[in-house]
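Visitor: Have a look at this one.
Every number in this text was worked out from the coordinates using simple rules, so none of it is lab data. Computed from a prediction, not measured in an experiment: that's the story for all the values here. Positions of Cβ are backbone-derived with ideal geometry, glycine not excepted, and every protein chain shown enters the neighbour counts.
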Amino acid sequence: MRQARYDAVVIGGGAAGMAAAIELNRRGHSVAILEREETLGGILMQCIHNGFGLIEFNEELSGPEFAQRLETQVRSRGISAFLCTTVLDIREEGGTRAVYCVSPAEGVSRIEAGAVLLAMGCRERNRGNIRIPGTRPAGVYTAGLAQRLVNIEGYIPGKDVVIVGSGDIGLIMARRMTWAGCKVHAVIEILPYPSGLTRNIVQCLEDFGIPLYLSHLVTDIVGEDRVEGVEVTPIEQGALMHDKAFRILCDTVLLSVGLVPENELSRAAGIDINPATNGPVVDSMLMTSMPGVFACGNVLHVHDLVDYVVEEARRAGAAASEWLAGYRPEAEIRVKAGANIRYVLPGRLNPARENRLYMRPLIVRNDCRLELKVDGKVVRSIRKAHVQPSEMLSMVVTQADLAQAGRDSVVEIALA
Amino acid sequence: MSERGVADELKSSPDVRRMICITCPLGCHLEVSVHDDTFLVSGNRCQRGEAYAREEVLNPRRTVTATCAAVLPDGRHPGPSDGIPRRVPVRTSQPFPRERIQELLDLLHTMEIQLPVKSGDMVVENALGTGIDVICTRSLDASGR
């Protein structure tokens, strides 16, 4: 078995993994990226639409272009990137961390790492996850799989399409399939408001006159060998109105019904998972419950912009570097999600430092305030013109904000 | 013109268009009406809404992204089992006139891109005489990696 040792091993070579590795290298550490695909870039490689990089590079790029900017830095810095390499196991062994992986070129390897960074991204929820009744014909795809087929493999998965869920990937695919010559008949959303960004509703649906059915549920998939249609049932006051159900004929169903962080490796390693995010529980340094193992990007929580992923990954890389140099926070204060907030991440603050927090709202509202409260007292209030669950919020909490907070204080973030 | 005045004007006009401003996440619902030399926008909470409406009505544009077929140096198209991309992603260098997008896609879908190719390489110069170029957005070497 091949053996190697690096200061840090990054699992996953997408946007998060590359950004974390670049930061660690910049701070003088030896780093290896382990990537199971044949290329770096992760999901960005199939996201050929534009709109990436406005924050990070101050211009609008396509996914592959954004990935290439990072890969160029990875290459020019001489960071080791092992492709076609699947990680099997993360273990604590003899006071250090060992990552076991396998690849056609090297067979099984054991790589020792001072720090491990989890950057495995997320996975799409599928038909089984949302339990759509009906037969099991060909023609049911997750939107991201269809995106890969169309944009990289060069296959059009069908001609007459219904999209389930109004997440951004589904909306982007509505436009993509239309531009590829297909007819998109409808987008069906269970919630009373769209899950995706307004920009995508306008440019991916309204531009093409594609109807968006809000408060509707797909209650049946019909077809023998191939999808022949879906049954759609309206929801009124929380109840399915079966007498108002109608059928839409189609040969393809694309599912855009949410993403789940991909934490099989983390779970197997015994790392604590937060049920609100499906990602690891992390401290103020983005370190998981396994010492020396950090998490960033979509494996930690699902982001809506890759620019935020890169920012967070860079911070995880910096924290891992400090941890390797022996830094430990003297004290940490818990922060919890208050009114109208689904989660706050990380869940712990370092009162001696500036802390960047990300949080996701539970509500759609105009003109409200994002508040930081210490023991019930508002210490900071930021005006928000508009909030909605599909748009992540961010806040920087400073040492001054926490001046009055003790170890047992209740710190929370709420929308009022 | 007062707010009431604008609203009255809109009600009386047959060519009122409704749209959602996408300049920021607020998503104002705009009503726009165009007469010979006047342009009326209501529902916007800031000046950017008016600019957006004007652009959307008078000169709507979109960045177009698509793919073209990849061709290996020996003239072969990558096969399903080659494990390399069979399509090369491309985009317009600037937002492209909306009413000509289908024409542009029809052109791009007939095109083949010879590998190797570099991100930023020109695919179509001055597409359909618009002055806008189509560029490649992914680098692939001669073996398609």
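Visitor: What lysines could a cross-link reach from A:LYS159, if we take a straight Cα to Cα line under 16 Å and drop same-chain neighbours fewer than 8 places away?
Guide: List returned: A:LYS183.
Visitor: A further question on this structure: Partner chain Cβ atoms within 10 Å, averaged over the residues of A:32-40 - can you pull that number for me?
Guide: 1
Visitor: Shifting gears a bit: I need to check one value: relative contact order of chain A, counting alpha carbon pairs closer than 8 Å and at least 6 residues apart, in percent.
Guide: 15 percent
Visitor: Gain in length, A:ARG356 to A:ASN58, computed as 0.36 nm per residue apart minus the alpha-carbon separation, to one decimal in nm?
Guide: 105.2 nm
Visitor: Something else about it: Please work out the FRET efficiency for the pair A:LEU249 and A:ALA403, using the Cβ-Cβ distance as r and a Förster radius of 60 Å; give the result to the nearest 0.05.
Guide: Step by step, r from the Cβ atoms, then E = 0.40.
Visitor: Note down the relative contact order for region B:7-145 as a percent, whole number, built from C-alpha pairs under 8 angstrom at least six residues apart.
Guide: In percent, rounded to a whole number, it is 18.
Visitor: Related question: Run the helix sum for chain A: -39,500 (n - 2.57) per DSSP H stretch of 4+ residues, divided by residue count, reported at 222 nm to the nearest 500 deg cm²/dmol.
Guide: Taking each H run of at least 4 residues, the total per residue is -5000 deg cm²/dmol.
Visitor: Taking every DSSP beta bridge with both residues inside chain A, roughly what % is antiparallel (nearest 5)?
Guide: Counting DSSP beta bridges with both partners in chain A, the antiparallel share is about 60 percent.
Visitor: State the Kirkwood hydrodynamic radius of region A:335-415 in Å, one decimal place, computed from all pairs of distinct Cα atoms.
Guide: Value: 12.6 Å, from the Cα pair sum.
Visitor: Computed FRET efficiency, Cβ-Cβ of A:ALA105 and B:ASN126, R0 60 Å: what is it to the nearest 0.05?
Guide: 0.85
Visitor: What area, in nm² and to one decimal, does the C-alpha convex hull of region A:126-257 cast on average over all directions?
Guide: For the Cα atoms of region A:126-257, the hull's average projected area reads 7.5 nm².
Visitor: On a straight-distance basis, which lysines could pair with A:LYS336 in a cross-link, Cα separation under 18 angstrom, same-chain partners fewer than 8 positions away excluded?
Guide: Within the straight-line cut-off, A:LYS336 pairs with A:LYS373, A:LYS377.
Visitor: Quick check: convex hull over the Cα atoms of region A:190-286, volume per residue in Å³, rounded to an integer?
Guide: It comes to 188 Å³ per residue, whole-number rounded.
Visitor: Now, a different point. Along Cα→Cβ, 7 Å out, is where each label goes; now give me the distance between the ones at A:GLU38 and A:ASP207 in nm to one decimal.
Guide: Reported label-point gap for A:GLU38 and A:ASP207 is 3.1 nm.
Visitor: Specify whether the C-alpha gyration tensor of region A:61-151 places it in the rounded, prolate or oblate class, a ≥ b ≥ c being the square roots of the eigenvalues: rounded for a/c under 1.5, otherwise prolate if a/b is larger than b/c and oblate if not.
Guide: The shape class here is oblate.
Visitor: Show log10 I(q)/I(0) for region A:16-113 at q = 0.10, 0.15, 0.20, 0.22 Å⁻¹, two decimals, from a solvent-free Debye sum over equal Cα scatterers.
Guide: Once normalised to I(0) and log-transformed, intensities are -0.32, -0.68, -1.04, -1.16.
Visitor: Counting only C-alpha contacts under 8 Å and six or more residues apart, can you give the relative contact order of region A:145-242 as a whole percent?
Guide: Rounded, it is 21 percent for region A:145-242.
Visitor: Can you pull the percent of Cα pairs in chain B with separation above 20 Å?
Guide: So the pairs more than 20 Å apart make up 60 percent of the total in chain B.
Visitor: Above 17 angstrom, tally the Cα pairs of region B:62-136 and express them as a % of all pairs, no decimals.
Guide: 42 percent
Visitor: Given R₀ = 41 Å, FRET efficiency for A:VAL364-B:GLN102 by Cβ-Cβ distance, to 0.05?
Guide: The pair A:VAL364/B:GLN102 has a calculated efficiency of 0.75.
Visitor: Another one. Taking the convex hull of the alpha carbon atoms in chain A, what volume per residue do you get, in Å³?
Guide: Spread over its residues, the Cα hull of chain A gives 156 Å³ apiece.
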